[in-house]
Amino acid sequence: MAEEVKENDEKQEFWRWTESNWKNPDLKWEDAKIITAGIDVGSVSSQAVICADGEIFAYSNMRTGSDSPESAKNALNYALEGTNMPESRIDYCIGTGYGRVNVPMADRSITEIACHARGANFIYGNEVRTVLDVGGQDCKAIRCDEKGKVINFLMNDKCAAGTGRGMEVFADLLSVPIVDVGERSFKIKEEPTPVSSTCVVYAKTEATGLLRKGWEVNEVLAAYCAAMAERIYSLIERIGIEKEFAITGGMAKNVGVIDRLMKIIKMDPMKTKWDTQIAGAVGAGLFGYTLVQKGKGRK
Amino acid sequence: MITVGIDCGAKNTKTVVVKDNKIIGKGTSLTGFDQAAAVETSYNAALKDAGIEASDVGKIGGTGAGMDDIKQADVKVNEVKAMAKAANYYFPNARTVTDVGAEEGRAVKIDENGKVIDFAINEKCAAGAGAFIEAMARALEVDLQEMGPMVLKSDKEIPMNAQCAIFAESEVVGLIHAKTEKQDISKAIHDAMASRIVSMIRRIGVNKDVVMIGGVGLNPGFVDSLKKQLEIDELFIPEDPAYGAAVGAALVAAEEA
Amino acid sequence: MKGCDLILANYGYKDGSGEYFITIDTDKCDGCGKCVEACPGKVLEVGEDQNDPLNENEVAFVTEAERKKIKYTCGPCKPASNRPELPCVTACEPNAIEHSW
């Protein structure tokens, strides 16, 4: 059920995803030579992935609590739940994401840029060349090669425009549950001119002006989704867009922004059977595997 | 000859009436969403204050973000030129001028005649404008007018990590939860904002005298922080700094008449 | 292995006022650290390649703290007019550093 957006401190709660865990029924971890774990502690969600000889054996996807080490532990325990695997069996663990330096069980940390590229290569296949990740507080664009190695990247976490937070501010301003923003932005007669201010503070003022002029809420939503799509496009343009194109992160679920973005890019985003939110943790787990194989994964 | 300067800013629209180089009337209105109406209100208030009729006015200079909605204007005056002219009018020794308004920040290097030599602008991002302090006042639940004076009671140096006003709001909320004194948070906010303006001023060079115009000039906390970071003893601010650009526009209109 | 792949690391941001990125070509960068010495704003650092854990060579990068404010920190090296060559760019012999603004 969509909840009321207003008057709630935990606005991120409104992303429509549920905490989950999964294990691969066809994999026997007991037979694996090398077990690695990747833990991605993001500003909104945390994931843990367990890899058995470079294959995904189990994972979890949870909300990040106020405490990063605690969130990392919870995510790992939840991934291990029902697998019978003791935590001590993990040969090497890598932390990534916003809270990567606060993952107590990690043997080392790797940036989310490197992990996202590597993870996207696994969950989307090696045809992926451009990865866009729009999270709660940042926007990352990465170009990678067929091995999932980063070739060109940028990350914008300075400015709220083009991040999940920017959209939350608008959902709040217009009293629309964030989960409904995408669909409602298409319930309009005609595509409006995008909101012209990049800065979220000024865009809010601009939107208030549009409402006064008699615009309907859905039209304002459409104008902001379109502005967000343009903004994200202007960021990825800097690194160049090469086929195939994949989108991860919370914003991937907002059709209002993504459909408009894909119209600008003139491409279809790649599809995957995996939960796109685990990309960073998968990459971390796989890097662990490579490092152990190369003899660099000693504790 | 009587000239009028109208500055249609993001927040307020200011009008001044100038007669023979003397300010004889002022008027202000909230800009709101109908800029043309705000201009009308502000203009009429200034005429009334000066005790004159519209027919007494020779030329009108218009400036500010909403200058296209100043239908009365005979001359459109670029904001940089207006602030340079105003600084020179108030303080003939002015060489560096900064204008910090609601939505923009500017720095201009001028010569002894008030001619623009160089300038730098920060626009379209709330981090370097009065809007930043306003957004933080809301997060802090403090009246905007109290924000500046509070700063003077604090001697703490708390760094702010977030640059963006939206992210800084969460940081402020975090500081409140950590039981940080409001005056210390307010100082952190002003220090952060001043450092961005200082960086802009340094791009054109700091030459004395340094003059500040714009509404933020009334904020003692900001002024204090700016002075410290610029390492100057005196920052020259006119009596009604918010009217600075309007004064400049009126003076330019007089010259071009 | 050097010289086989190109990595362009774009550190910085884009906000309403403009686009501010320092791009470091980690394929060209030899980790000599001359840019670190040349930078008056302490914006740069040399260390392990954080974006390519398999790269064994050290590379230059923009410090985490500065990534969100290079527009301001780099300001003194970028006067509004008569801008001289940037010290970091001049110091870099392999020409690995570029500024977007």
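Read the figures in this text as sums done on the coordinates, not as results from a lab. A quick note: this is a predicted structure, and the numbers were derived from the prediction, not measured. We place every Cβ from the backbone using ideal geometry, glycine too, and count neighbours over all the protein chains shown.
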Exercise for the section: Compute the long axis of helix B:79-90 from its Cα atoms, compare it with the longest principal axis of the Cα atoms of chain B, and write down the angle in degrees, 0 to 90, nearest 10. Expected result: 80 degrees
Fill in the blank from the handout: In the range A:123-213, the trypsin sites (Lys or Arg not before Pro) that sit in a DSSP loop and have at most 13 other Cβ atoms within 10 Å of their own Cβ are A:Lys147, A:Lys187, A:Lys189, A:Lys213
Problem - Long-range tail of P(r) for the range B:1-102 (Cα pairs > 17 Å, %) - result: 49 percent
Exercise for the section: Any of B:Lys14/B:Lys227; C:Lys14/C:Lys78; B:Lys109/C:Lys14; B:Lys14/B:Lys156 with alpha carbons more than 29 Å apart? Name them for me. Expected result: B:Lys14/B:Lys156
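Given only helices, namely DSSP H runs of n ≥ 4 each adding -39500 (n - 2.57), what is the per-residue ellipticity at 222 nm of chain A, to the nearest 500 deg cm²/dmol?
Values: 8 runs with 102 residues, N = 299.
Calculated from helices alone, the mean residue ellipticity at 222 nm is -11000 deg cm²/dmol.
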Problem - Kirkwood Rh, Cα atoms: Rg over Rh of the range B:93-237 - result: 0.98
Handout entry: Computed E for A:Met105/A:Lys296 - FRET, C-beta separation, R0 22 angstrom, nearest 0.05
Key = 0.75
Handout entry: Kirkwood hydrodynamic radius over Cα pairs of chain C, then Stokes diffusion coefficient at 37 °C and 0.692 mPa s, in µm²/s
Key = 236 µm²/s
Fill in the blank from the handout: Other residues with Cβ under 12 Å from the Cβ of A:Leu235 give, with Lys and Arg +1 and Asp and Glu -1, a net charge of -2
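Considering only DSSP beta bridges where both residues belong to the range B:93-237, give the percentage that are antiparallel (nearest 5).
On the way: 12 of 17 bridges.
Antiparallel bridges make up about 70 percent of those DSSP assigns within the range B:93-237.
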Problem - Amide H within-cut-off set for B:Asp118, under 5 Å, with H built and near neighbours excluded - result: B:Lys109
Handout entry: Exposed GluC sites (Glu not before Pro) absent: longest stretch of chain B, with sites in DSSP loops and at most 13 other Cβ within 10 Å deemed exposed
Key = B:158-230
Practice task
Would you mind pulling out the separation of the Cα centroids of the range C:34-80 and the range A:65-112, in Å?
Solution key: 29 Å
Exercise for the section: Provide the net charge surrounding B:Glu256, with neighbours chosen by a C-beta distance below 13 Å and charges set as Lys +1, Arg +1, Asp -1, Glu -1. Expected result: +2
Practice task
Show which aspartates and glutamates lie in cross-link reach of A:Lys158 when reach means a straight Cα distance below 14 angstrom and same-chain residues fewer than eight apart are skipped.
Solution key: A:Asp138, B:Glu169, B:Glu171, C:Asp15, C:Glu19, C:Glu64, C:Glu66
Exercise for the section: Residues in the range B:78-103, backbone N under 18 Å from the label point at B:Lys115 (7 Å along the Cα-to-beta-carbon vector): list them, ranges by number please. Expected result: B:78, B:80-89, B:92-97
Practice task
For A:Ile151, enumerate residues with amide H under 5 Å from its amide H, sequence gap 5+ or separate chain, H modeled in the peptide plane.
Solution key: A:Arg143, A:Cys144, A:Asp145
Fill in the blank from the handout: CD proxy, 222 nm, chain B: helix-only mean residue ellipticity via -39,500 (n - 2.57) per DSSP H run with n ≥ 4, per residue, nearest 500, stands at -13000 deg cm²/dmol
Fill in the blank from the handout: Phi-derived 3J(HN,Hα) across the range A:141-148 with the Karplus relation (6.51, -1.76, 1.60, θ = phi - 60°), rounded Hz, x for Gly and Pro, is 10, 9, 9, 9, 8, 5, 9, x
Problem - DSSP-assigned coil residues among chymotrypsin sites (Phe, Trp or Tyr not before Pro) in the range A:89-179, each with at most 16 further Cβ atoms within 10 Å - result: none
Problem - Percent of beta bridges antiparallel (DSSP, the protein assembly as shown, rounded to nearest 5) - result: 75 percent
Problem - Calculated from backbone phi, Karplus (6.51, -1.76, 1.60) coupling profile of the range B:204-212 in Hz, x at Gly/Pro - result: 9, x, 9, 10, 7, 7, 9, 10, 10
Practice task
Per residue of the range B:131-139, in order, report the coupling 6.51 cos²θ - 1.76 cosθ + 1.60 (Karplus, θ = phi - 60°) as ³J(HN,Hα) in whole Hz, putting x for Gly and Pro.
Solution key: 4, 5, 5, 5, 5, 5, 4, 5, 5
Exercise for the section: Could you name the lysines whose alpha carbon sits less than 19 Å from that of A:Lys263, not counting residues in the same chain fewer than 8 places away? Expected result: A:Lys187, A:Lys189, A:Lys243, A:Lys253, A:Lys271
Fill in the blank from the handout: So the pair-distance distribution of the range A:10-149, from every Cα-Cα distance in 10 Å bins, comes to percents of 12, 41, 38, 9, 0
Exercise for the section: Tell me the label-point distance for the pair C:Trp101, A:Lys263, using the 7 Å Cα-to-Cβ offset, in nm and rounded to one decimal. Expected result: 3.0 nm
Fill in the blank from the handout: The relative contact order of chain B, taking Cα pairs under 8 Å that sit 6 or more residues apart, comes to a percentage of 24 percent
Completion exercise
Given pairs A:Lys149/C:Lys42; B:Lys124/C:Lys71; B:Lys76/B:Lys115 and cut-off 22 Å on Cα-Cα distance, the over-length ones are A:Lys149/C:Lys42
Completion exercise
Any lysines whose Cα falls less than 16 Å from that of A:Lys23, other than same-chain ones fewer than 8 residues away, would be A:Lys273
Practice task
Would you please give the residues with an amide H less than 5 Å from that of A:Ser45, counting only those at least 5 places away or on a separate chain, with H modeled from the backbone geometry?
Solution key: A:Thr64
Completion exercise
Summing -39500 (n - 2.57) over every DSSP H run of at least 4 residues in chain C and dividing by its residue count gives a helix-only mean residue ellipticity at 222 nm, to the nearest 500 deg cm²/dmol, of -2500 deg cm²/dmol
